[in-house]
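Please read the structure below before turning to the comments.
The values are calculated or read from the model by the stated rules, or taken from the named source; none is laboratory data. In this text the structure is predicted, and so the values were computed from the model without any measurement. Cβ sites come from the backbone with ideal geometry, for glycine too, and all protein chains shown count toward neighbours. All accessible areas refer to the heavy atoms of the entire protein, side chains included, with ligands and DNA or RNA removed. Shrake-Rupley method; radii C 1.70, N 1.55, O 1.52, S 1.80 Å.
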Amino acid sequence: MADHASFFLVHHLLWVTNNRTYASKYIPIIASVSEHQPPTWPSYFMDINVLAFLVPAGIIACFSPLSDASSFVVLYIVTSVYFSGVMVRLMLVLAPAACIMSGIALSEAFDVFARSIKFQLPGLSETSWSEAADSSGTHEMQSDIAKTDKAEDAAKERPLKKGKKKEKEKEKDLAEKPSLKSRIEKRLLVLPFEASLIALLLIILLGGFYVVHCVWAAAEAYSAPSIVLTSRSHDGLHVFDDFREAYAWLSHNTDVDDKVASWWDYGYQTTAMANRTVIVDNNTWNNTHIATVGTAMSSPEKAAWEIFNSLDVKYVLVVFGGLVGYPSDDINKFLWMVRIGGGVFPHIKEPDYLRDGQYRIDSQATPTMLNCLMYKLSYYRFVETDGKGFDRVRRTEIGKKYFKLSYFEEAFTSHHWMVRIYKLKPSRNRIKGKVKKSKSGARQNTCGSLGNPLQNI
């Protein structure tokens, strides 16, 4: 039953992994999620740290001796490493296997070093050596000792009538056999006392370092909020509260029924902190809906305005990190918007946004890139910050520095320019048409009343 369960589990994991691998290559909406990307070597050392060096030692220890339990653990760690190499999210599968294998390696290391120290301590009697031999699990040595004891007892109880000659031969054979201490030292691995003591201290320090790393990772990397960002430099700690600042502005300066368009990464935050309706969020399963937003961001300003206006959007939110060096902004995510939008709407083509296969925002960028909505909303008035328009994330000056917005107006920009909110301008043609209609209608009514004075009687 256990074999069938293990086979079913491995088969299910392989099926899920193969499907995820196919999806991450050919379905952009899945590939755009950072958790679905293959892990890098730094991510392994970040997550398991010193366990990455202890796992190979644990695998070697499992082969001496090889049993059913050790074979299962080796199979467990091998499959876990394979699955974790597919996507970062499956590092959770590797973590328990790495802990088990590292525990085996540490146990074997402690056994060798502690035994070496114990064997070389002064004042150990033959009884203590025999107890050490028993604890080491050397069954062959114990059987030899038992045979020696039996031979000694037999030699003592042997009748005197067999003669002193045979007794002398037995005593000679026992004297020629090596002592118990020497046989234990030959059988067991005994390292120098100083080396064993230093190795034990290093292992303890290594464990303490790992505990410190785990506490730091849990506090900084895995428990830090994604709303309030921090960074350290030579002049101290810097706090970036732009997200909360922007959501507070939306909550206090917009109507409750207003809809906000942004990339799906910020959907939950906008709903929870600003209490405003969003077009797409982290739970949007409709690929066409997300592709519509990606198409709007990839389109020129007028076409984007028409798309957002058809969705009854009043505000558009973009995240920009070019001023402070925040790398997870919408410009770095923009190619995924192009790919997702192009997967549904064929007129959006990724090569139109690349110059010789490179993604650029400088003077060598393509006209399609320089005129798309994402570029304009991110870099609008950016040249006013330093006079050059230098992007600290892309480490280059932007290509199009001076331009105006015709269909959008800037409503809010956070303190560090990390969150920028724009409002859709109303349709001028429709407003002018209504004004002209109302004016012409009023003139007709006035002329009618003046031309027919009898109607006023």
Q | Computed accessible area, Met297, all protein chains, 1.4 angstrom probe, square angstrom | A | 0
Q.
From the phi angles alone, apply the Karplus equation (6.51, -1.76, 1.60; θ = phi - 60°) to segment 239-256 and give each ³J(HN,Hα) in whole Hz, x where the residue is Gly or Pro.
A. 10, 10, 10, 5, 5, 5, 5, 5, 5, 5, 5, 4, 5, 9, 10, 10, 6, 5
Q.
For a quick check: with amide H placed at 1.01 Å from N, whose amide H comes under 5 Å from Lys259's, ignoring anything fewer than 5 positions away on the same chain?
A. Lys314, Tyr315
Q) With +1 on each Lys and Arg Cβ and -1 on each Asp and Glu Cβ, how big is the dipole of segment 208-289 about its Cα centre, in debye rounded to the nearest 20? A) 200
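Can you send over the carbon and sulfur percentage of the accessible area for segment 187-270, probe radius 1.4 Å, protein chains only?
Working: 3440 of 5200 Å².
Ligands and nucleic acids excluded, carbon and sulfur reach 66 percent.
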Q. With every protein chain kept in the model, how would you rank Glu220, Glu397 by accessible area, 1.4 Å probe, largest at the top?
A. Glu220, Glu397
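Sorted by accessible area (1.4 Å probe), largest first, how do Arg276, Arg392, Arg339 line up?
Greatest to least solvent exposure: Arg392, Arg339, Arg276.
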Q: First select every other residue whose beta carbon is under 13 angstrom from the beta carbon of Met374; then total the charges, Lys and Arg +1, Asp and Glu -1.
A: +1
Q: Could you grab the Rg to Rh ratio for segment 247-290? Cα atoms only, Kirkwood for Rh.
A: 0.98
Q.
How far apart, in nanometres, would the label points at Trp216 and Thr40 be if each is projected 7 angstrom from Cα along the Cα-to-Cβ direction?
A. 1.8
Q | Whether segment 253-371 is rounded, prolate or oblate, judged on the alpha carbon gyration tensor where a/c under 1.5 counts as rounded | A | prolate
Q: Starting at the first residue of segment 328-344, write each ³J(HN,Hα) from the Karplus equation 6.51 cos²θ - 1.76 cosθ + 1.60 with θ = phi - 60°, in whole Hz, x for Gly and Pro.
A: 8, 9, 6, 5, 6, 8, 5, 4, 5, 5, 5, 5, 5, x, x, x, 10
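If you stretched the chain out fully between Ala195 and Ile60, how much longer would it get, using 0.36 nm times the residue separation minus the C-alpha to C-alpha distance? Before the final figure, lay out the partial values.
On the way: separation 135, 0.36 × 135 = 48.60 nm, distance 2.16 nm.
This chain segment gains 46.4 nm when fully extended.
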